[in-house]
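Enquirer: Here it is: the structure, laid out below.
The values are calculated or read from the model by the stated rules, or taken from the named source; none is laboratory data. Here the structure is a predicted model, which is why all the values come from computation and not from measurement. Virtual Cβ from ideal backbone geometry, glycine too; neighbours counted across all protein chains shown.
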Amino acid sequence: MRTAVLKFPGTTCEEDVVKALRLVKAEAEVVKFNSFDPDRYQGVVIPGGFSFGDYLRAGTIAANSEAMKGVREMADQGKLVLGICNGFQILVESGILKGALLPNLKLRFITKWTYVRVSRKDTPFTRGIKDVLLMPIAHAEGRYYLEDEEEARELAVFQYSNPSGLVVEEVNPNGSVQNVAGIANQAGNVIGLMPHPERASFSKLTPDGSTDGLEILRVFGK
Amino acid sequence: MYAVELIIVNKDGVRDPEGETIKRFVIEEQYSGIIGEVKAGKYVRFLVEAKSKDEAESLVKRIAEEKRLFNPIVHKIIVRSERVEDGSP
Amino acid sequence: MMLTLSSKEMELVRSTLDREPNEAEWKVVDALWSEHCSYKSSKTFLRSLPTTGQGVIMSVEDWQDAGAVDVGDGWALVLKVESHNHPSAVDPYNGAATGVGGILRDIISKGARPIALLDMIRVGGLDAKGKWLLKNIIAGIASYGNSVGVPVVGGELSFDPTYTDNPLVDVACVGVVKASEIVPSVVRTPGLKLVLVGFTGLDGIGGASFASRKLSGMDEIGAVQIADPFAGKILIDATLEVRGKVEAMKDLGGGGLAVAVTEMANGLGARVQLEMVPLRVKGMSPEEIIISETQERMLFAVKSENVQEVCRAFEDYNYPCEVIGEIVSEPRITFTYEGKVVVDLPSQLLLSPPLFVWPMNRKVRTEEVKEVSVREALSTILLHPDLGNKEWAYSQFDYEVGVSTLVKPGQADSAVIELPNGRQIAVKGDANQDLCEVDAYECGKAIVAEAFRNLASVGARGIAAVDHLQFGDPRKPEVYQDFVDSIRGISEAAKFFSVPIVGGKVSFHNEDKNGNPIKPTPLIVMAGLVEGKYLKPRVEEGWLVLLGITRNELRGTLFSRLFGGRGEVARARLMEDLLASELIIKAINESKLTWNKDINKGGLAGSLLPILASGHAVHINTKAVIGTRDPLSILFSESGGRFLVLTDDPQWFHIQASRKGIVASTIGKVTKGKASLFLDDVELPLEREVERYLNMLEEELS
């Protein structure tokens, strides 16, 4: 499907996402934030990076932009919206996804390969995919917070886990509530996650040769 | 008991990219002319057992300097306080 | 008015101009004739570095620019190294961050896209000050590199009391560009418009002079620039968009507009109207505008008809872009403000400071030797932070961005990155203050050889390098002697390996607060092309083969830093390095090894740490080590030309080595088990050392 990969000033991962999307035969193109027409696309990906320098709070300045009004339209229309890392932060700051992403508990940027358990298979992105995925995280503000932990667990699509899929405290890299690595809206057409699926799409780059990121991105190729 | 607020901002003349970006991308279009400079900084609050406002504020100032809570090359600090009862503001 | 010019230099200026320069003009000369910008104390000798060779597309004409080398399929690699030593001592976070910003701009000013960064950091130790410096330096580098989306893929960390008051923060960057699209930094025709992007403010006034004199400890606020990585990212994106539409590009660094305009004009002239410069702060004086070193600004030379398109790309990001002047044929640099002439100086005068050759003299070195047992030395050295696991540092960098990092930080001695043409390059930075302190000449050769070996250990052959020469005050004869000797060493080794030095920097006046110079610390950053396969190292059970001769050369090693040197100084026997490196590359291509390490800091003992830390024990038979019989030398000598190899086919190495004219010996084996070193069947448990090796930085710095 025609997929927009949104670029804000400060976005860094747009080319990586396009490379990965093309592997699954998506019609993907980078679209600048100030010339984004939501009607032209069936899907939109908000890639990682440091939009507006992450100033004030990661994702907050981008959340205020016209472009995000267009993303909200697409979300309401049931189109596919995927927010990766900074993209997740922007979706949360815009209120399109619930919760907040706070600074990591250790107050440091963390780069690391992590396993996540797929906790919801009722979304277009996760229908019928593997139970455990290996993907890298790289962030300083990835601690997911929602006051109602029960609700967090219901919305969670991905939770940090050990290689067998067990969600345990010691693999939680940033203090996220319920080990949440990614959530979706109720309908499931909007997903935000901190790990980078585009970086787990090329076997020469992954620690074990897997391409688990493509499992999530595959839906854009339909 | 005193609630002492320590505000750390960049000295005048030292760049503040965060303040500038907030001004340029969030404030500017709507409020230019009304809102001039925007500065961003850090806020740290201490609850101090002291006999007077001055004592409480001097203590926090000293801690800020000794423990390098701010870098005097680039930051300036604003210290203000108010008296509180049993730890609540 | 604080100038760094000597009275002789000032006299020369007066007599050339036949008048007294005004204050603004003095500041301009001061910036251009500063050591940092002019290399006046070093140029005479820098010219002996081999800068050309097969594959060099752009050799270095003036020493500030990045050189470019061919990597096949019409692509070129641009390589640069930069340091921000003095600013980082005062404000380590911003000093290091702006260092990254500066070097990124150097790369994009060639029209190249930055694809990798390396950081080489040296502080005094893990005391309170050292920790404060290190935490902030790493955070600063991370914040800038991560924000602009360029992965930091490797580096070095060294802890040595010589750097206590004067840390060294070196950042290197690699960029790629189509060879046909490389943009020069100098102009050749008059009439081009000068276009400036970015705001100019009060930060960094006098920074070039700051780098060119000792840290005075006074309130050096003017010299600290605040990093704005967001602006840096905008600058990278927009500059790369317009690179095809400009005739020359220069980033504004030391000396601000004064230096950028003069150097870009390169002997032609330039007229600049200062009132056109976009200002961040109202009411700046013309003089301040000229020498401000505000970051995140670029200068372009543009044909009139392209100006609008160039500026549109920046205005799209809300970034200021203005025509501030033009290149003229009359060879004078003229700055005016609202019609009044503020500065008017001949280009040639500015570009031709008198060169200096200072007196030089070898110092007499005495060393105190401490008696130490093998066990105690082993423990101490294995616990040294120089050898410690660096995950605390590199996990703060976004090293996966760009989906090109094939061999990641911590996995091997060099990082391996994929290029747009599908080939792979390896990059590594190396310095060795211990050896340089004892014999700067041998050290110059040794660091080039070490970088070459490090690249070979992942399957790459060095094709280009940049050097950074970091010393104390050049007016001190021993410092200057070491400086000249190290250049000789680097030149010879670079020529021998056919690795041209395509760029470099000199940083003098690095001293402690008592005026003692730091140990001489020249640094080499080398890039190499993978010939065939690259290696993703993996420790498994197998045989340990040591390539090369181990010599009784303990002077100038980590061992000597701790216990005093004894025996000989390691000499760089370049043939041994070359042959051993070639053998390793061949072994990688024929899949004859799973892991290897070139022997450097910490000697053979140091090289065992990654093996011990991965759930394996090491058995070594010292009698099998070819060369010296001295037990301390066997474990801790850092003599070159050696690799430790983990293989299941040791015979292959014996045969191949002998065919090449070097030696290989099976010295032991690796087995699964707890971390112990079996030295001649005597078990030395090292679990405590390995645990500390893995967690030291995390424990000390969290």
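Enquirer: Does segment A:162-182 include one or more residues that are within 14 Å of chain C (Cβ to nearest Cβ) and more than 14 Å from the chain's Cα centre (by Cα)?
Expert: Looking through segment A:162-182, at least one residue is within 14 Å of chain C (Cβ to nearest Cβ) and more than 14 Å from the chain's Cα centre (by Cα).
Enquirer: For residues that are surrounded by 14 or more Cβ atoms within 10 Å (Cβ to Cβ) and within 14 Å of another protein chain (Cβ to nearest Cβ), scanning just segment B:45-74, find the one that is farthest from A:Asn64 (Cα to Cα).
Expert: Across segment B:45-74, the extreme among qualifying residues is B:Ile73.
Enquirer: Got a sec? Which strands (runs of 3 or more DSSP E) wholly within segment C:342-458 have at least 1 residues that are buried (at least 20 other Cβ atoms within 10 Å of the Cβ) and acidic (Asp, Glu)?
Expert: Ranges flagged: C:415-418, C:424-431.
Enquirer: Does any residue of segment B:29-52 turn out to be in a helix (DSSP H, G or I), at pLDDT below 85, out of contact with any strand residue (DSSP E or B) (no Cβ under 7 Å at 6 or more places or on another chain) and within 30 Å of C:Met284 (Cα to Cα)?
Expert: yes
Enquirer: Sticking with this one: Evaluate the following for C:Phe356: is it under 25 Å from the mean Cα position of the chain (by Cα) and within 14 Å of chain A (Cβ to nearest Cβ)?
Expert: Answer is no for this residue.
Enquirer: Now for a different question. I'd like the residue in segment A:24-51 that is among the β-branched types (Val, Ile, Thr) and away from chain C (no Cβ under 14 Å) and, out of all such residues, is farthest from A:Gly10 (Cα to Cα).
Expert: A:Val24
Enquirer: Hey, can you tell me all the residues within segment A:149-184 that are surrounded by 19 or more Cβ atoms within 10 Å (Cβ to Cβ) and not hydrophobic (A, V, I, L, M, F, W, C)?
Expert: A:Gln159, A:Tyr160, A:Ser161, A:Asn172, A:Pro173, A:Asn174, A:Ser176, A:Gln178, A:Asn179, A:Gly182
Enquirer: Would you tally the residues in segment C:535-550 being touching a Gly at 6+ places or on another chain (Cβ under 7 Å) and either buried (at least 22 other Cβ atoms within 10 Å of the Cβ) or not assigned by TED's automatic domain parsing to the domain that holds C:Met575 (or both)?
Expert: Within segment C:535-550, residues that are touching a Gly at 6+ places or on another chain (Cβ under 7 Å) and either buried (at least 22 other Cβ atoms within 10 Å of the Cβ) or not assigned by TED's automatic domain parsing to the domain that holds C:Met575 (or both) number 4.
Enquirer: Next question, about the same structure. So, in segment C:431-446, how many residues would count as being closer than 14 Å to C:Met120 by Cα and touching a Leu at 6+ places or on another chain (Cβ under 7 Å)?
Expert: Final tally of qualifying residues: 1.
Enquirer: Taking the condition within 16 Å of the chain's Cα centre (by Cα), under 14 Å from A:Phe88 (Cα atoms) and surrounded by fewer than 24 Cβ atoms within 10 Å (Cβ to Cβ), does A:Arg143 pass?
Expert: It is true that A:Arg143 is within 16 Å of the chain's Cα centre (by Cα), under 14 Å from A:Phe88 (Cα atoms) and surrounded by fewer than 24 Cβ atoms within 10 Å (Cβ to Cβ).
Enquirer: Scanning for something surrounded by fewer than 23 Cβ atoms within 10 Å (Cβ to Cβ) and free of Cβ contacts under 8 Å to residues at least 12 places away in the same chain, does segment C:266-284 turn up at least one residue?
Expert: Looking through segment C:266-284, at least one residue is surrounded by fewer than 23 Cβ atoms within 10 Å (Cβ to Cβ) and free of Cβ contacts under 8 Å to residues at least 12 places away in the same chain.
Matching residues to (1) in contact with a strand residue (DSSP E or B) (Cβ under 9 Å, 6 or more places away or on another chain); (2) among the hydrophobic types (A, V, I, L, M, F, W, C); (3) more than 30 Å from C:Gly53 (Cα to Cα):
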{"site": "C:Gly72", "(1), (2), (3)": "yes, no, no"}
{"site": "C:Trp75", "(1), (2), (3)": "yes, yes, no"}
{"site": "C:Pro114", "(1), (2), (3)": "yes, no, no"}
{"site": "C:Arg122", "(1), (2), (3)": "yes, no, yes"}
{"site": "C:Phe159", "(1), (2), (3)": "yes, yes, yes"}
{"site": "C:Tyr163", "(1), (2), (3)": "yes, no, yes"}
{"site": "C:Asn166", "(1), (2), (3)": "yes, no, yes"}
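Enquirer: For C:Lys495, indicate whether it is surrounded by fewer than 20 Cβ atoms within 10 Å (Cβ to Cβ), of a type outside the set (Phe, Trp, Tyr), within 29 Å of C:His36 (Cβ to Cβ) and at pLDDT 95 or above.
Expert: Yes.
Enquirer: Out of C:Glu700, C:Glu691, C:Glu638, report the one residue that is within 30 Å of C:Leu133 (Cβ to Cβ) and either touching a Pro at 6+ places or on another chain (Cβ under 6 Å) or part of a loop (DSSP other than H, G, I, E, B) (or both).
Expert: C:Glu638
Enquirer: From the list C:Lys390, C:Lys428, C:Lys363, C:Lys445, which one is within 14 Å of chain A (Cβ to nearest Cβ) and of a type in the set (D, E, K, R)?
Expert: That would be C:Lys390, the only listed residue that is within 14 Å of chain A (Cβ to nearest Cβ) and of a type in the set (D, E, K, R).
Enquirer: Right, here's the next one. Which count do you get for residues in segment B:5-27 that are more than 10 Å from chain C (Cβ to nearest Cβ) and more than 11 Å from the chain's Cα centre (by Cα)?
Expert: 5
Enquirer: Can you name the residue in segment C:169-193 that is touching a helix residue (DSSP H, G or I) at 6+ places or on another chain (Cβ under 7 Å) and more than 30 Å from C:Lys428 (Cα to Cα) and, of all such residues, is nearest to the other protein chains (Cβ to nearest Cβ)?
Expert: Looking at residues that are touching a helix residue (DSSP H, G or I) at 6+ places or on another chain (Cβ under 7 Å) and more than 30 Å from C:Lys428 (Cα to Cα), I get C:Lys193.
Enquirer: What number of residues within segment A:147-196 satisfy the criterion of being free of Cβ contacts under 8 Å to residues at least 40 places away in the same chain, under 17 Å from A:Ala100 (Cβ atoms) and either of a type in the set (S, T, N, Q) or in a loop (DSSP other than H, G, I, E, B) (or both)?
Expert: Looking only at that region, the number is 6.
Enquirer: Is it true that A:Val71 is assigned to a strand (DSSP E or B) and surrounded by 22 or more Cβ atoms within 10 Å (Cβ to Cβ)?
Expert: Here the answer is no, as A:Val71 does not meet what is asked.
Enquirer: When the residues of segment B:53-83 are filtered to those that are farther than 22 Å from B:Val14 by Cα and in a strand (DSSP E or B), which remaining residue is nearest to the chain's Cα centre (by Cα)?
Expert: The qualifying residue nearest to the chain's Cα centre (by Cα) is B:Arg80.
Enquirer: Output the residues belonging to segment C:9-45 that are free of Cβ contacts under 8 Å to residues at least 24 places away in the same chain and either under 24 Å from C:Ser486 (Cβ atoms) or hydrophobic (A, V, I, L, M, F, W, C) (or both).
Expert: Once the filter is applied, which keeps residues that are free of Cβ contacts under 8 Å to residues at least 24 places away in the same chain and either under 24 Å from C:Ser486 (Cβ atoms) or hydrophobic (A, V, I, L, M, F, W, C) (or both), segment C:9-45 yields only C:Met10.
Enquirer: Sort through C:Ser6, C:Ser48, C:Ser83, C:Ser59 and tell me the only one that's among the hydroxyl-bearing types (Ser, Thr, Tyr) and either free of Cβ contacts under 8 Å to residues at least 12 places away in the same chain or more than 22 Å from C:Ala465 (Cβ to Cβ) (or both).
Expert: C:Ser6
Enquirer: Quickly run through segment A:72-118 and pick out the residues that are away from chain C (no Cβ under 14 Å) and basic (Lys, Arg).
Expert: A:Arg72, A:Lys79, A:Lys98, A:Arg117
Enquirer: With the structure loaded, tell me whether C:Arg122 is at pLDDT 95 or above and crowded, with 24+ Cβ neighbours inside 10 Å or whether it fails that test.
Expert: Judged against the criteria, C:Arg122 is a match.
Enquirer: Evaluate segment A:118-126: report whether one residue or more is part of a strand (DSSP E or B), over 15 Å from the mean Cα position of the chain (by Cα) and farther than 15 Å from A:Asn179 by Cα.
Expert: Scanning segment A:118-126, I find no residue that is part of a strand (DSSP E or B), over 15 Å from the mean Cα position of the chain (by Cα) and farther than 15 Å from A:Asn179 by Cα, so the answer is no.
Enquirer: So, in segment C:265-289, of the ones that are within 35 Å of the chain's Cα centre (by Cα) and of a type in the set (Asp, Glu), which residue ends up farthest from the other protein chains (Cβ to nearest Cβ)?
Expert: That would be C:Glu287.
Enquirer: Related question: Quick one: is C:Ile490 closer than 21 Å to C:Val123 by Cβ and in a helix (DSSP H, G or I)?
Expert: no
Enquirer: So, of the residues in segment C:90-118 that are within 14 Å of chain B (Cβ to nearest Cβ) and small (Gly, Ala, Ser), which turns out to be nearest to C:Glu241 (Cα to Cα)?
Expert: The extreme case among them is C:Gly101.
Enquirer: Another question, then. If we keep just the residues of segment A:52-65 that are within 23 Å of A:Arg199 (Cβ to Cβ) and in a loop (DSSP other than H, G, I, E, B), which is nearest to the other protein chains (Cβ to nearest Cβ)?
Expert: Within segment A:52-65, the match that is nearest to the other protein chains (Cβ to nearest Cβ) is A:Ala58.
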